[in-house]
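One structure is given here, and the rest of the page talks about it.
The values are calculated or read from the model by the stated rules, or taken from the named source; none is laboratory data. A quick note: this is a predicted structure, and the numbers were derived from the prediction, not measured. Glycine gets a Cβ as well: all are built from the backbone with ideal geometry, and neighbour counts include every protein chain shown. Heads up: the accessible areas ignore ligands, DNA and RNA and are worked out on the full protein's heavy atoms, side chains in. Shrake-Rupley method; radii C 1.70, N 1.55, O 1.52, S 1.80 Å.
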Amino acid sequence: MRSSGIFDPTGRFGRGVFLVGLFAALLTLAPSAFALEILRIPYAMDIGTFDPDNGFEVDAVSALNNVYEGLVEYAPGSTRIVGLLAKQWTISPDGLDYTFFLRDGVKFHDGTALTAQAVVTSLKRRRDYGLVLSYTLGNVAVVEAKDDRTVILRLKRPQPSFLDVLASAWGPKVISPRALAEHDASDKATRWLEEHAVGTGPFKLSEFKRGERYSLERNATYWGQLPYFDRIEMALVPDIGQQVLKLKVGEIDAVPTNFPFAQLNHLPAGIDVSAAPSMTQFALFIKPSSPLDRPDVRRAALAAINPSLWARDIFGPYATPSKSAYQNLMLNPKDPNGFPSDIAAARNAIANLGEIKLTIGLHSAKASYAHISDRLIAQLAQIGIKATAHVLPPGAAYNLRSNPNAPDVLLTISSPDAAHPENQAKAFFTRDAPLNFYGRNLPEADAIVDEAGTKTDIPERNKLYEKAGRLYVEAGHLIPLVDVDDVVVHASGLVDLGLRPAFPPGNIDFATVRWAH
């Protein structure tokens, strides 16, 4: 949104020749001298906390990552890791010591200078105090400042995925040590940081009104390139229909995520689409002893639920069938997963097995889940499998392994917190993975994942991860379905959205986005 005003130090414009002349002179200036550039973005979910160490925000990831910064980041539009607060780094030959060299001239929003000790203070807070994201630094044995501009992190064991952990949307950020000290109420400032922030980023948190709206203001003393927008206004608008309406009437500038795919081909004038590959993969996770746990039933069902039969109908050009248990963007397998194509043979197989019933649990009530489950039910009916679907209560998907009434399969999005295959495997597949929804166990595949986690050669690493992923799929732990693009619908002329594949969908980079006109 563009708004203009004239600065009047006297409050008496229009009185006297001098002021008339001044007014005429001001009108000769470029319009940008008066324009206040404001980007208006809706949030479907409220912000739980603005503490970068103690929450797993989704919609607000971009806000957090534009107020706080880490040592490294993913470059916009890619999974390439580049320096942020660290201008460069080295890794010791044994893969244990990571040495980061900090940029000069960086200051926190409160004026405190960035030093190596400030980084150490923040990283120890993240690692040592049982916060929500402490697990990200669980393999870090030592955090120390070698000198004022150099930070050394020593790992307990080699971890080739460590830079991806640091670059993650939820990777460790650096908080002002002054703010941490001043607001430590014997809680490491966790209560204060829920609604306040002091980082080094291109924006400052200027308003936090829980349940209503949030605002960021441009950091005029930012060490890097200043962002285009002066202010980011983020209002809580939970209903996607209301978001769409507000975009159409010009009350907001973008619908970051969940815009109905069926409407993308019929957008009114003045509204455009920006899309980019993402790590959003829809998959079915299978309960032990469910009908799909039987190889013969699963083989027949695969012919019916083949995503090439329905993906385009639901997502248009914005989805592709998944090639493996890993996102297509993360790992391009040499031997992709396949789906049988003989529906008649599948129908005969099910007829010989007797009545097969299947319950599908939906992780979310969002429209895409319903559209996919409707198609799966229809496709399975063609071969004689009677399937039903229902939305699980909030949080229920995380307790399926102990629920005797758990659905036969869970339809969910299996997206990792970073772009490395280890993050996918150890989040969803291995025995102790926190999102191994049904508690499945395949020691042979887990051992291959562990071996892959020691490799720095990417082709060698990917070969092992692909092998493990195929074993999980063949054992009936999961069925990868489709990878869906990050799709943002916005006012025409909004460019350079800076979408990052490893970030949650819709997280526009406020530091790069701008109006093209």
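Kindly provide the trypsin sites (Lys or Arg not before Pro) of segment 121-185 that DSSP labels as loop, not H, G, I, E or B, and whose Cβ sees at most 14 other Cβ atoms within 10 Å. Display every interim value, and only then the final one.
Numbers: sites: Lys124, Arg125, Arg126, Arg127, Lys146, Arg149, Arg154, Lys156, Lys173, Arg178; in loops: Arg149, Lys156, Lys173.
Loop-located and lightly packed - Lys156.
Set Lys and Arg Cβ to +1 and Asp and Glu Cβ to -1, take the dipole of segment 69-189 about its Cα centre, and tell me which of Pro76, Ala145, Leu123 lies farthest positive. Farthest towards the positive end: Pro76. Farthest toward the dipole's positive end in the chain, which of Leu193, Ala345, Val489, given Cβ charges of +1 (Lys, Arg) and -1 (Asp, Glu) about the Cα centre? Of Leu193, Ala345, Val489, it is Ala345.
Would you work out if segment 144-268 is rounded, prolate or oblate? Take a ≥ b ≥ c from the square roots of the eigenvalues of the alpha-carbon gyration tensor; rounded if a/c is under 1.5, else prolate when a/b is larger than b/c, oblate otherwise.
Working: a/c = 2.22, a/b = 1.71, b/c = 1.30.
Verdict is prolate for segment 144-268.
Based on Cα contacts under 8 Å between residues 6+ apart, the chain shows a relative contact order of 19 percent. Of Phe437, Phe339, the order by accessible heavy-atom surface (1.4 Å probe, DNA, RNA and ligands excluded), from most exposed downward, is Phe339, Phe437. Each other residue within a Cβ distance under 12 Å of Asn423 adds +1 if Lys or Arg and -1 if Asp or Glu, for a net charge of -2. Computing Rg and the Kirkwood Rh from the Cα coordinates of segment 431-517 gives a ratio, Rg/Rh, of 1.16.
Assuming R0 = 22 Å, what is the FRET efficiency of Asp104 and Ala220, from their Cβ-Cβ distance, to the nearest 0.05? For Asp104 and Ala220, the calculated efficiency is 0.70.
Which length gain, in nm to one decimal place, applies between Ile38 and Arg431 when the Cα-Cα distance is subtracted from 0.36 nm times their residue separation?
On the way: separation 393, 0.36 × 393 = 141.48 nm, distance 4.74 nm.
Stretched out fully, the Ile38 to Arg431 stretch lengthens by 136.7 nm.
Computed over protein heavy atoms with a 1.4 angstrom probe, the accessible surface ordering of Trp89, Trp170, largest first, is Trp89, Trp170. Site pair Ala113 and Phe56 shows an inter-label distance of 3.9 nm when each label is modelled 7 Å from Cα along Cα→Cβ.
Per residue, the accessible area of the chain comes to 44 Å² when a 1.4 Å probe rolls over the protein heavy atoms. Each other residue within a Cβ distance under 11 Å of Asp53 adds +1 if Lys or Arg and -1 if Asp or Glu, for a net charge of +4.
Applying 1/(1 + (r/R0)^6) with r as the Cβ-Cβ distance of Ala365 and Ser134 and R0 = 35 angstrom yields a FRET efficiency of 0.70. Separation of segment 164-178 from segment 76-119 is 10 Å, based on Cα centroids. Based on DSSP, what percent of beta bridges with both residues in the chain are antiparallel, to the nearest 5? Restricted to the chain, the bridges split so that about 80 percent are antiparallel. A Förster radius of 51 Å combined with the Cβ-Cβ distance from Gln88 to Ala378 puts the calculated FRET efficiency at roughly 0.40. With all protein chains in place and a 1.4 Å probe, the accessible surface of the chain carries 53 percent carbon and sulfur. Largest first, the residues Ser290, Ser402 sort by 1.4 Å accessible area into Ser402, Ser290.
Ratio of alpha-carbon Rg to the 2.2 N^0.38 Å globular estimate for segment 237-313, to two decimals, please. Please report the intermediate quantities before stating the final value.
Working: Rg = 18.7 Å, N = 77, 2.2 N^0.38 = 11.5 Å.
Relative to the 2.2 N^0.38 Å estimate, segment 237-313 comes out at 1.63.
Put a dot 7 Å past the Cα of Val495, heading toward its Cβ, do the same for Arg154, and the two dots end up 5.0 nm apart. Among the helices of the chain, none built from whole DSSP H runs has Cα atoms reaching 30 Å or more along its own axis together with a mean Kyte-Doolittle hydropathy of at least -0.5. Overall dimensions of segment 27-175, expressed as equivalent-ellipsoid semi-axes from the Cα gyration tensor (√(5λ), whole Å, largest first), are 30, 20, 15. Length gained on full extension, Ser289 to Ser78, computed as 0.36 nm times the residue gap minus the Cα-Cα distance: 72.0 nm. Entry for segment 158-207 at q = 0.21, 0.29, 0.30 Å⁻¹: log10 I(q)/I(0) = -0.84, -1.10, -1.14, Debye formula applied to identical alpha-carbon scatterers, no solvent contribution. Using the empirical formula 2.2 N^0.38 Å as the baseline, the Cα radius of gyration of segment 327-421 reaches a ratio of 1.29.
Would you calculate a helix-derived [θ] at 222 nm for the chain, using -39,500 (n - 2.57) for each DSSP H run of n ≥ 4 and dividing by the full residue count, to the nearest 500?
On the way: 14 runs with 133 residues, N = 517.
Estimated from H runs of four or more residues: -7500 deg cm²/dmol.
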